[in-house]
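Here is the structure we will look at, set down as structure tokens.
The values are calculated or read from the model by the stated rules, or taken from the named source; none is laboratory data. It should be emphasised that the depicted structure is a prediction, and the values quoted were computed from it without experimental measurement. With ideal geometry, Cβ positions are generated from the backbone for all residues, glycine too; neighbour counts draw on all protein chains shown.
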There are 2 protein chains.
Amino acid sequence: MNQSGMRGDRRISPPDPPSLAERIRLEMDAFTPSEKRAAHLLLSHYPFAGLDTVAEFASRAGISAPSVLRFVTRLGFSGFPDFQKHLRGELEAQLLSPLAKSGPSDKGQGAPALASFAEAVIGNLQATVANIAPAEFGAVVELLSDPRRQIHFTGGRFTGALARYAESHFRIVRSHVNFIEGQPALWRDRVIEIGRRDVIVAFDIRRYQEDVTALCETAARQGATVVLLTDPWLSPIARVARHVLPAHIVAPSNWDSSAGLLLLTEALIAAVTKRLWDTAKPRMEAVERLRNERS
Amino acid sequence: MNQSGMRGDRRISPPDPPSLAERIRLEMDAFTPSEKRAAHLLLSHYPFAGLDTVAEFASRAGISAPSVLRFVTRLGFSGFPDFQKHLRGELEAQLLSPLAKSGPSDKGQGAPALASFAEAVIGNLQATVANIAPAEFGAVVELLSDPRRQIHFTGGRFTGALARYAESHFRIVRSHVNFIEGQPALWRDRVIEIGRRDVIVAFDIRRYQEDVTALCETAARQGATVVLLTDPWLSPIARVARHVLPAHIVAPSNWDSSAGLLLLTEALIAAVTKRLWDTAKPRMEAVERLRNERS
DNA sequence: GAAAAGCTGTATCAGAAATTTCAAGATCTG
DNA sequence: CAGATCTTGAAATTTCTGATACAGCTTTTC
């Protein structure tokens, strides 16, 4: 299970007094279930979660106060105040040293696989942003913010999930939003209604899927505006697309990474939500209200 | 307890909340002698001096405890705990968002929005990786690599798409993989078959969805192993989950970002694919072959 | 399948910490 | 310089937090 090797040896920072966080990560296996809860909470809000009271910490971790006490005792502290004192000490040391800036805590030879994978994905995101034409992004935001237009999301085998993700958000922000399944049989009869007013947002990356291309071509022929989120090699849909947003997708895996596409999607959602805030807000509140009623 | 800070409602682009330190400097003249001593101590060791006990603070400042209390009351806090809470909040905001500082403002539409959004997402990814216990990640990989187990993916309103994304990949890598729709009506009859051999991989973030929780609880009660991908505040599913992988989700948007969850998902897919390569490879080739035949 | 071991939460307690009281001292004012 | 006002700390008080004992429950082991 030790996929050693990989790259990821960019650890510039010196030994650094082994942070408590690191020790917790290493000992994680040996913890009891509720200790793990405590550990997760602490790590996810390191170290601030630990600076509250025992009761608060317990409540946030979903465990009882005594379990928290047992947790800190197990870590070798004589009591909760002792534990807090240590955390404050670490915090002070970290904050006052101008070097320890880089990240909250990227120490530890973390999960090799996960860390190097993340590194690659982050690189993809940066490359994606760098290569998007601002005007293109803005134009798409504008397009998706037009309330008179009907928006259709679609995608291929894997990217269909992203289309669904986009649709489930846009559906709340505005009206006239829907999702088109990938299988031709399912859209053959719906596509005839697509016309000049419609916008197709298609997700399509490598191993481009013919049925998605066919859908977009048909729609474009009928006058619809096609927006394409794809990889840098551009899906054939690009030929009929009005706007193309490419994302880098290569990762140290047998599969491509869709993180860049998700980034673009979420950025679009954020931008359009802000753009349509006056109408989106009441819609979001209405959804919230329905949720609460149901429970 | 509903002081700001607790929840993830980080303001998007504040004009920099005037730090308490600054205010103290301005009001310094109006302080009494002992208040000045308190102020000097706090400023010279900002904000750590204030995180100790009243007694400690008083002793270090060379004044009495009541003077310290009067000092913080004068600053507008309802008591010493309130004062400390504020300090912790400032500290957390300052430490956790070294990026949020740099960008002047994302007022303009288009590219700036995309760039700053990307920055925040990248920060999330780094924080997510930093806080995942390698052992926990490894354990999940191991679990999902066990060919004898049945794997079920599920998620909520928005995260369901991620579950679908995971499922569509795992389905190719290995057998016994399926997707469970969110609505209880759809799984009520399927869940009875879930037992000791089954693994539920649930995606659930803020605005935790009750039906997903119910599904996991039922499954857990029947002996299934639950793996949870959630946010740092942990979905209630964490109570019954064997493994929890939290991802940071706060973004400069009205919506949360799922990029961290996607990162974890893809990393899991990559790791399991590698782990099961001997059996995964022929499966992937078979899928490829089918694709080609169809065209 | 029964016994043992281990975990966890409830109830409770002890003690520490924050807060208030009050009177002594310092400072200001006329 | 006397009275008024403000400032301050010792001590009393109250609140709350961290700690513990114990019993129920789960998991493990034989």
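Annotations for the structure displayed:
- Positions within segment A:37-72 being more than 11 Å from DNA strand D (Cβ to nearest atom), closer than 17 Å to A:Leu91 by Cα and in a loop (DSSP other than H, G, I, E, B), in sequence order: A:His45, A:Tyr46, A:Pro47
- Index of the failed condition, B:Asp204 passing every other in (1) more than 10 Å from chain A (Cβ to nearest Cβ); (2) modelled with pLDDT under 90: (2)
- In segment A:30-72, of all residues being facing another protein chain (nearest Cβ under 9 Å) and polar (S, T, N, Q), the one that is farthest from B:Ile237 (Cα to Cα) corresponds to A:Thr53.
- Cβ separations smaller than 7 Å between residues 6+ apart or across chains give the following pairs from segment A:41-56 residues that are more than 25 Å from B:Pro134 (Cα to Cα) to residues that are more than 7 Å from DNA strand D (Cβ to nearest atom): A:Val54/A:Val68.
- Residue check: B:Pro81 meets all listed conditions (1) within 11 Å of DNA strand D (Cβ to nearest atom); (2) touching a helix residue (DSSP H, G or I) at 6+ places or on another chain (Cβ under 6 Å) but one, namely (2).
- Only one entry of A:Leu26, A:Leu20, A:Leu75 meets the criterion of being out of contact with any Asp or Glu (no Cβ under 7 Å at 6 or more places or on another chain) and more than 13 Å from DNA strand D (Cβ to nearest atom), and that entry is A:Leu26.
- Within segment B:19-41, the set of residues being more than 14 Å from DNA strand C (Cβ to nearest atom) and surrounded by 13 or more Cβ atoms within 10 Å (Cβ to Cβ) comprises B:Ser19, B:Leu20, B:Ala21, B:Ile24, B:Glu27, B:Met28, B:Ala39, B:His40, B:Leu41.
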